[in-house]
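See structure below.
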Amino acid sequence: MNQYTIQKLRDIVGKDHVTTIPEELTCYSYDGTGQEYPPAAVAFPGSTEEICRIMQLASATPFPVVPRGAGTGMSGGALPVAGGLVLVMSRLNRILEIDRDNQVAVVEPGVINGDLRTEAGRHGLYYPPDPASMQFCTMGGNVAECAGGPSAVKYGVTRDYVLGLEAVLPDGSLIHTGVRTAKGVVGYDLTRLLVGSEGTLAIITRITVRLLPAPETRTTLLVLCRTMVEATTLVATILAHHTPCTLEYMDRTALSIVRDKLPFPFPEEAGALLLIEFDGRQDIVPIATRQLTEFLQTQPGIILNRTAANSGEADQLWAARRAISPSSFSLKPHKMSEDVVVPRSRLPQLVSCTEKLSRELGITIFTFGHAGDGNIHVNIMLDRNIPQEVQQANTAKQLLFEEVLRLGGTLSGEHGIGLTKAPYLDMELDPPTLALMRRVKNLFDPQNILNPGKIFPRQEAPEKNI
């Protein structure tokens, strides 16, 4: 990217909103994967019009453009692997509208997920998708990756709430998709196509989402089991009779690394934890909680069944749950975080597989996540500076993916494919399906300037490693 192009970018967004300083570029060269790819420049657009002009410039020059939210992604989706320009959406951070009567919100992509939830709450409304990083991840990133979260077992994921989008195409054209009504079937569903497209088809500049009435109350239950298999077997049993809004799982290692954040000590013999929550009406939630508590008393393998005494205790439990991922680096300096999904009834086989891989390969693997929808985060811990550990970790990842597909699952539930899973995509998708997806990408982006190097396997892609 030459100085003429840099000056043109400064003319578009203002000289204070473009940087080429190496130290500042470093801040936008990595994401949650820990991998680093420095861009040539970073720009901070302040409007949709500016983004259109940037993409017109990028298309004419051409140069790669990578849209970026808060950089919390776990699959390398916001990494500028081909250099070029990183387009940071943090200035587009306004909640433009909350329509209480129609239960709709309109936001810009830089709005923080948790801020939308808080503002909706002031209107008696609720935005359910709740990634672990909800206090700092952005709505644009959530839409690009189709983020999930603990509440997905009851409420679904991001795509279930996006009604419509405004987006800029790679050539600078502006499109509008979807509706703000409860129904709408005019033309192809381009909204669903863009949700989860990982910034490879268009740059999202405005998001219309549906909201729900805010739950009146909620209760949180803690269940400790002797083993991982007993805990995961219990998941399908619970969901056959009850409808919690969250049903989370932690294995023994996950419990141990957040031990100091739990509101009370747990028995040493505990091999796994289930964190269960009900929400809804004041007259219904206590009944549902009591029924589940009585039901759990009849189940084998449970060594503790406890309801959080108050909201403070419940908040501590959830703080511990959300602290697992950052706390994992106390085990090893690096990790592969895989967000695989299997049918709920196959969870026991999945966790048994991770135990076997850890034992046979001699590496630390621990599991936690959204057991209620079969989405388990498998964390393979390693030191990248030790070649043998890198090799064993990559072997574990390959064997894990093979087992997940054998169990009828999928390689990603919410992190996306990005960079880290791209070399494995053809394990799950057949050649005609992949070919069609490539044609869709080429139709939107014939010059391959928008987030190049993501999703699709390619010979020049980074090796199958972290």
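I'm trying to understand the selection: among the residues of region 277-291, which are among the polar types (S, T, N, Q) and either surrounded by 14 or more Cβ atoms within 10 Å (Cβ to Cβ) or outside the structural domain of ARG306 (by TED's automatic domain parsing) (or both)?
Across region 277-291, the qualifying residue is only THR289.
Every residue in region 33-43 that is in contact with a strand residue (DSSP E or B) (Cβ under 8 Å, 6 or more places away or on another chain), surrounded by fewer than 20 Cβ atoms within 10 Å (Cβ to Cβ) and either farther than 15 Å from LYS454 by Cα or in contact (Cβ under 8 Å) with a residue 60 or more places away in the chain (or both), please.
The answer is GLY34, ALA40.
Determine if region 347-364 includes at least one residue that is over 24 Å from the mean Cα position of the chain (by Cα), basic (Lys, Arg) and modelled with pLDDT of 95 or more.
Yes: one or more hits.
Given ILE380, ILE417, ILE449, which one is touching a Ser or Thr at 6+ places or on another chain (Cβ under 9 Å), closer than 16 Å to GLN35 by Cα, outside the structural domain of CYS353 (by TED's automatic domain parsing) and β-branched (Val, Ile, Thr)?
ILE417
Return yes or no: is LYS421 over 12 Å from VAL340 (Cβ atoms), among the basic types (Lys, Arg) and modelled with pLDDT of 95 or more? If you could, list the steps in order and put the result at the bottom.
Details: over 12 Å from VAL340 (Cβ atoms): no; among the basic types (Lys, Arg): yes; modelled with pLDDT of 95 or more: yes.
Taking the combined requirement at face value, the residue does not satisfy it.
Which pairs do you get when a residue that is more than 24 Å from MET381 (Cβ to Cβ), found in region 307-328, comes within reach of a residue that is in a helix (DSSP H, G or I), reach meaning Cβ atoms under 8 angstrom, with the pair 6+ apart or on two chains?
What qualifies is THR307/THR289; THR307/THR293; ALA308/ALA314; ALA308/LEU317; GLN316/LYS261.
Just for region 315-368: of the residues that are part of a strand (DSSP E or B) and among the polar types (S, T, N, Q), which one is surrounded by the most Cβ atoms within 10 Å (Cβ to Cβ)?
Filtering first and then ranking leaves THR367.
Hey, can you tell me all the residues within region 222-261 that are of a type outside the set (S, T, N, Q) and in a loop (DSSP other than H, G, I, E, B)?
Selection gives ARG226, ALA240, HIS241, HIS242, PRO244, CYS245, VAL258.
The values are calculated or read from the model by the stated rules, or taken from the named source; none is laboratory data. Everything numeric here is computed off the predicted structure, so don't read it as measured data. With ideal geometry, Cβ positions are generated from the backbone for all residues, glycine too; neighbour counts draw on all protein chains shown.
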